[in-house]
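The values are calculated or read from the model by the stated rules, or taken from the named source; none is laboratory data. Quick caveat, the model's predicted, so the values are computed rather than measured. Don't worry about glycine lacking a Cβ; one is built from the backbone with ideal geometry, like all the others, and counts go over all protein chains shown.
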Amino acid sequence: MARVLIVGYGNPLRGDDGLGWHAARRLSENIRREDVEILTCHQLTPELAERLSQVDRVVFIDAACVGLPGEVSQQSVSPAVSAAVDFTHHFDIPALLACTQILYGVCPQAVLCSVAAESFELMESLSPAVEAAVPELLEQVYRLLE
Amino acid sequence: MAQQITINPVTRAEGHGKITIFLDDDGFVRDAQFHVTQIRGFEKFCEGRPFYEMPSLMARICGICPVSHLIASAKACDELMAVEIPETAQYLRRIMNLAQLVQSHALSFFHLASPDFLLGLDSDPAQRNIFGVMQSHPNIARDGILLRKFGQQIIELLGGKRIHPGWIVPGGVSEPLTVEKRDQILATIPEALATIQRTLDWFKRTFDNYPEEIRTFANFPSLFMGLVNEQGELVHYDGHLRFVDATGKIVADGIRAEDYQDYIGEAVEPWSYLKFPYYKPAGYPDGIYRVGPLARLNIINFCGTPLADAEWAEFRELGRGAVLSSFHYHYARLIEILNGIERIEHILNKPDILSKNVRAYAEPNRLEGVGIAEAPRGTLLHHYRINEDGIITYANLIIATGHNNMAMNRGVLQVAKHFVNGTKMQEGMLNRVEAVIRAYDPCLSCSTHAVGQMPLQIQLVSPDGAVLDELKR
């Protein structure tokens with residue numbers, strides 16, 4: 001049973017929004033640990049709550065729409081019920097964690113690793129600035145797994 | 001002074017819509033319109049693309065029901081290729097279609113509609129959402145998650161991913177089913193069945209709480225349309241079109257996909273991007289019909305699975321002919337989940353389900369093809385024409401929400417007339433106007449080919465454009 005879940009999410013057809021997918025693929029090639037599970041998705045949905053309830057830690061990887069392009073950041077995230085919860089398309093990390101806490105009585109430690117995006121235009125590759133920042137992002141994730 | 005109320009956008013629906021309620025000089029509701037305010041244009045921008053790209057392109061119309069578009073599109077492409085796809089490929093497409101029906105119906109019922117039933121139509125809108133349900137009824141919220149997961153896992157196992165899987169292709173499917181995946185799906189059936197049965201049990205008990213809503217939520221005579229097979233059985237993948245009237249009498253039957261234009265016309269109105277399909281023999285606007293779970297259960301002779309047939313017998317008791325109240329879309333949705341789970345199990349146990357023969361190959365052999373399937377929200381139709389090089393020259397898509405457009409408009413008017421008093425706006429009465437739309441589970445993104453934020457803004461506007469009152473949430 002995985003005790004750490006890595007969730008790379010976003011739209012891989014919209015340039016830097018695909019950061020989570022690109023990073024998850026590279027992490028899958030390098031991480032060979034049974035206690036680590038890596039998954040990708042377009043968006044966060046309530047169904048993920050059950051998966052989160054089964055791990056000790058979750059690492060989210062997503063592009064940031066604020067900051068200097070290529071800027072790598074890391075932050076802890078806590079459960080919070082957001083004001084707009086008519087979700088089918090907009091479900092953020094605090095809401096997902098709150099959902100996990102409410103429904104399953106547990107909540108993993110959660111960290112968001114992100115890179116500030118340069119472009120969300122229609123393309124399947126990352127922008128040069130974000131692509132150059134991926135190694136630093138991966139290092140950050142590896143350190144979290146230590 | 002005549003006034004109007006605008007609900008913009010409509011919340012807890014897929015996509016972006018707006019409702020305008022027109023009041024007369026005395027503050028009584030005179031008319032109401034449900035507008036779909038965005039357009040996506042898939043029918044035009046696919047022109048010039050090779051036909052075999054269509055399933056993948058069309059799946060991008062929607063993140064909730066991409067499988068339905070994949071299937072209708074692939075069936076239209078099968079017609080262009082003039083191939084009969086292998087039987088196992090049909091079985092596998094059916095399983096994926098049913099898995100999507102289960103997860104989409106669960107999303108509609110548990111995440112979008114259940115706050116109204118569990119917390120009350122007049123409850124605080126800040127609490128009347130899925131988080132409110134999680135806090136007050138965590139067991140029910142977990143059941144919703146379980147049924148969503150059930151369907152999504154099947155889609156992921158078959159198609160490689162939950163959203164926009166590319167496994168359904170012209171001529172069949174790209175990969176056969178493995179024994180491991182079959183057994184993995186079968187292992188999830190008992191829990192899914194138990195979950196939907198207890199959901200039906202509690203939901204049916206709530207009917208007594210909503211007599212007024214059942215009586216007024218788009219409760220009027222109309223036609224109903226959907227697919228049935230030769231025996232009149234509930235089907236979602238293949239079959240022919242059938243129309244029944246409000247008394248339950250069949251008015252047209254055995255309609256082949258390629259003949260749809262003989263029976264379905266498409267009108268347009270200047271105030272909405274969503275077209276208004278109508279039953280051609282009755283003309284526009286008299287040819288109003290409904291599609292989707294309620295319609296499907298009104299047109300069939302039987303469901304074809306034992307547990308769903310037992311529920312269907314109870315459902316039929318709700319009307320003397322067809323069941324007319326759109327409130328019962330929710331009940332029909334749950335019965336279809338039950339039927340879907342039973343049927344998935346049945347198909348998975350077929351002896352040929354693991355056959356490696358799952359795809360037919362051919363060049364285009366016809367210049368025109370129509371594909372029809374039942375999407376969660378109703379009948380989905382893809383119609384393509386190609387040139388001799390296999391390039392798309394024409395595409396017409398009629399989406400479930402389009403078929404229901406006239407009925408949704410009439411439903412909004414009926415609810416508004418009953419609940420809205422223009423001299424005094426209350427959130428609960430406007431929520432009922434939205435709730436009648438939710439009963440149809442419209443997918444506005446699909447229907448116009450839409451993205452948008454969904455805060456709710458309601459304005460009371462005088463004929464000269466002055467905002468007389470405003471509510472926001």
key: Positions within segment B:272-294 being modelled with pLDDT of 95 or more and among the hydrophobic types (A, V, I, L, M, F, W, C), in sequence order   = B:282, B:288, B:291, B:294
request  = Evaluate the following for residue B:108: is it in contact with a Ser or Thr (Cβ under 9 Å, 6 or more places away or on another chain), within 13 Å of another protein chain (Cβ to nearest Cβ) and not charged (D, E, K, R)?
outcome  = no
key: Residues of segment B:75-108 that turn out to be hydrophobic (A, V, I, L, M, F, W, C), over 19 Å from the mean Cα position of the chain (by Cα) and within 15 Å of residue B:173 (Cβ to Cβ), as a count   = 6
note = For residue B:195, the lone unmet condition from (1) away from chain A (no Cβ under 14 Å); (2) assigned to a helix (DSSP H, G or I); (3) among the hydroxyl-bearing types (Ser, Thr, Tyr) is (1)
message = Of the conditions (1) among the charged types (D, E, K, R); (2) touching a strand residue (DSSP E or B) at 6+ places or on another chain (Cβ under 8 Å); (3) closer than 16 Å to residue B:220 by Cα, residue B:262 satisfies every one except a single condition; which number is it?
response = (3)
Selection count where residues are more than 10 Å from every other protein chain (Cβ to nearest Cβ) and in contact with a Phe, Trp or Tyr (Cβ under 8 Å, 6 or more places away or on another chain), scope segment B:148-158 = 1
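Tally up the residues in segment B:232-257 that are assigned to a loop (DSSP other than H, G, I, E, B), among the small types (Gly, Ala, Ser) and in contact with a Pro (Cβ under 9 Å, 6 or more places away or on another chain), please. Walk me through it before giving the result.
To start, the set of residues in segment B:232-257 that are assigned to a loop (DSSP other than H, G, I, E, B) comprises B:232, B:235-239, B:245-249, B:256.
From the residues that got through so far, the ones that are among the small types (Gly, Ala, Ser) too are B:232, B:239, B:246, B:248.
Subsequent filtering for residues that are in contact with a Pro (Cβ under 9 Å, 6 or more places away or on another chain) retains B:246.
Adding up the residues that qualify gives 1.
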query = What number of residues within segment B:103-133 satisfy the criterion of being of a type in the set (S, T, N, Q), more than 29 Å from residue B:155 (Cα to Cα) and touching a Leu at 6+ places or on another chain (Cβ under 9 Å)?
reply = 1
query = Do we find a residue being at pLDDT below 95, surrounded by 20 or more Cβ atoms within 10 Å (Cβ to Cβ) and in contact with a helix residue (DSSP H, G or I) (Cβ under 7 Å, 6 or more places away or on another chain) anywhere in segment A:118-130?
reply = no
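Within segment B:180-192, does at least one residue satisfy the condition of being modelled with pLDDT of 90 or more, within 23 Å of the chain's Cα centre (by Cα), within 14 Å of another protein chain (Cβ to nearest Cβ) and more than 17 Å from residue B:348 (Cβ to Cβ)? Give the derivation first.
As a first pass, look at segment B:180-192 and keep what is modelled with pLDDT of 90 or more: B:180-192.
Now narrow it down to the ones that are within 23 Å of the chain's Cα centre (by Cα): B:192.
Narrowing the set further to residues that are within 14 Å of another protein chain (Cβ to nearest Cβ) leaves B:192.
If we keep only those that are more than 17 Å from residue B:348 (Cβ to Cβ) as well, we get none.
Taking every residue of segment B:180-192 in turn, none turns out to be modelled with pLDDT of 90 or more, within 23 Å of the chain's Cα centre (by Cα), within 14 Å of another protein chain (Cβ to nearest Cβ) and more than 17 Å from residue B:348 (Cβ to Cβ).
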task = Might you check whether a residue that is hydroxyl-bearing (Ser, Thr, Tyr) and surrounded by fewer than 20 Cβ atoms within 10 Å (Cβ to Cβ) occurs anywhere in segment A:20-34?
result = yes
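For residue B:376, state whether it is within 14 Å of chain A (Cβ to nearest Cβ), under 30 Å from residue B:75 (Cβ atoms) and at pLDDT 90 or above. If you could, list the steps in order and put the result at the bottom.
Numbers: within 14 Å of chain A (Cβ to nearest Cβ): yes; under 30 Å from residue B:75 (Cβ atoms): yes; at pLDDT 90 or above: yes.
In short, yes.
Is segment B:323-339 home to any residue that is of a type outside the set (Asp, Glu) and under 19 Å from residue B:92 (Cβ atoms)?
To start, the set of residues in segment B:323-339 that are of a type outside the set (Asp, Glu) comprises B:323-335, B:337-339.
So of that shortlist, the ones also under 19 Å from residue B:92 (Cβ atoms) come out as B:339.
Yes: segment B:323-339 contains one or more residues that are of a type outside the set (Asp, Glu) and under 19 Å from residue B:92 (Cβ atoms).
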request  = With respect to residue B:368, determine if the residue is modelled with pLDDT under 95, farther than 25 Å from residue B:210 by Cβ and of a type in the set (Asp, Glu).
outcome  = no
inquiry  = Among (1) farther than 30 Å from residue B:144 by Cβ; (2) modelled with pLDDT of 95 or more; (3) outside any strand (DSSP E or B); (4) of a type in the set (D, E, K, R), there is one condition residue B:269 misses while meeting the rest; what is its number?
reply    = (2)
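Quick one: which of B:311, B:336 is over 19 Å from the mean Cα position of the chain (by Cα) and modelled with pLDDT of 95 or more?
Details: B:336 fails: over 19 Å from the mean Cα position of the chain (by Cα).
One residue alone meets the criteria, B:311.
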remark   = Going through (1) within 14 Å of another protein chain (Cβ to nearest Cβ); (2) buried (at least 23 other Cβ atoms within 10 Å of the Cβ); (3) modelled with pLDDT under 85 one by one, residue B:19 fails only at (1)
query = All but one of (1) in contact with a strand residue (DSSP E or B) (Cβ under 8 Å, 6 or more places away or on another chain); (2) within 14 Å of chain A (Cβ to nearest Cβ); (3) modelled with pLDDT of 95 or more hold for residue B:162; which doesn't?
reply = (3)
remark   = In the set B:228, B:291, B:251, the lone residue that is more than 29 Å from residue B:117 (Cβ to Cβ), touching a Gly at 6+ places or on another chain (Cβ under 7 Å) and hydrophobic (A, V, I, L, M, F, W, C) is B:228
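Within the group A:115, A:111, A:7, A:55, which residue is closer than 29 Å to residue B:441 by Cβ and either hydroxyl-bearing (Ser, Thr, Tyr) or at pLDDT 95 or above (or both)?
Values: A:115 fails: closer than 29 Å to residue B:441 by Cβ; A:111 fails: closer than 29 Å to residue B:441 by Cβ; A:55 fails: closer than 29 Å to residue B:441 by Cβ.
Criteria check complete, one pass: A:7.
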request  = Return the pairs, sorted by first residue and then second, in which the second residue is charged (D, E, K, R) and surrounded by 24 or more Cβ atoms within 10 Å (Cβ to Cβ), the first residue lies in segment B:53-78 and is more than 18 Å from residue B:364 (Cα to Cα) and within 14 Å of chain A (Cβ to nearest Cβ), the beta carbons are less than 7 Å apart, and the residues are 6+ apart or on different chains.
outcome  = B:64/B:14
